[in-house]
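Have a look at the structure below, then the notes.
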Amino acid sequence: SQQGEEDPQALSIQEGENATMNCSYKTSINNLQWYRQNSGRGLVHLILIRSNEREKHSGRLRVTLDTSKKSSSLLITASRAADTASYFCATLDQTGANNLFFGTGTRLTVIP
Amino acid sequence: DAGVIQSPRHEVTEMGQEVTLRCKPISGHNSLFWYRQTMMRGLELLIYFNNNVPIDDSGMPEDRFSAKMPNASFSTLKIQPSEPRDSAVYFCASSLAGQVGSPLHFGNGTRLTVT
């Protein structure tokens, strides 16, 4: 299975702290994406990093990709209570098929 | 921009009944995906369409599941007959085909409970 694995499964931090979530995957990829899911809602795309990129920033988000280790990390800086959600990584393989495989998710709780 | 619209938001039905879930993708998007989410199995891709044509239905669990996309603005996922193990949240998502790996836009899902 190409499905990614997020680590940790759950993370609880104080508001203002940084949150780091990791994702490992199994096969060669075209790109890796991070999504956020609030309770009772659909997933929302956060950021995409291509296989030839090593780091990408978007606002308070920083994503890294290490294709040699088949891993990625998502860093949320200066966390806010509103960042409380589940975060998923999703990978697109190199076959050209346009379907994403999602990981199991990290449940982030930011305590005000 | 309306986003992906799914209906109903909640569905409670008895085992053996037919269930039809509906999805309206974002206008202009020509890839549509159906996912199922459970605590045990996470997010599973059931089927996806490009330009209304089913491309990969290998994730459809059984013949009881079927999906159609009669036009670019509407898709259905049908379960007949439904079973308690089908209880899950079903998500529809759309994206722009031709841009491989382009981000998915998800609806808010249909929470299905089969008793």
## Note on the structure
For the protein assembly as shown, the Debye formula with one identical point scatterer on each Cα and no solvent gives log10 I(q)/I(0) at q = 0.07, 0.18 Å⁻¹ as -0.22, -1.33
### Query
What is the fewest-to-most order of A:Thr64, B:Thr115 by other Cβ atoms lying within 10 Å of their Cβ?
B:Thr115, A:Thr64
### Message
If Rh is defined by the Kirkwood formula over all Cα pairs and Rg also comes from Cα, what ratio Rg/Rh do you get for chain A?
### Response
0.96
#### Entry: Span per principal axis, largest first, for the Cα atoms of region B:9-60 (Å)
35, 22, 18
#### Entry: Farthest positive-ward along chain A dipole, Cα basis, beta-carbon charges - from A:Thr91, A:Ile111, A:Tyr25
A:Thr91
### Query
Where the only charges are on Cβ atoms (+1 Lys, Arg; -1 Asp, Glu), what is the dipole of the protein assembly as shown about its Cα centre, to the nearest 20 debye?
380 debye
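Bear in mind that the values in this text are calculations on the coordinates, not laboratory data. Since the structure is predicted, the reported quantities are computational estimates derived from the model, not experimental observations. Please note: Cβ atoms are built from the backbone with ideal geometry, for glycine as well, and neighbour counts cover all protein chains shown.
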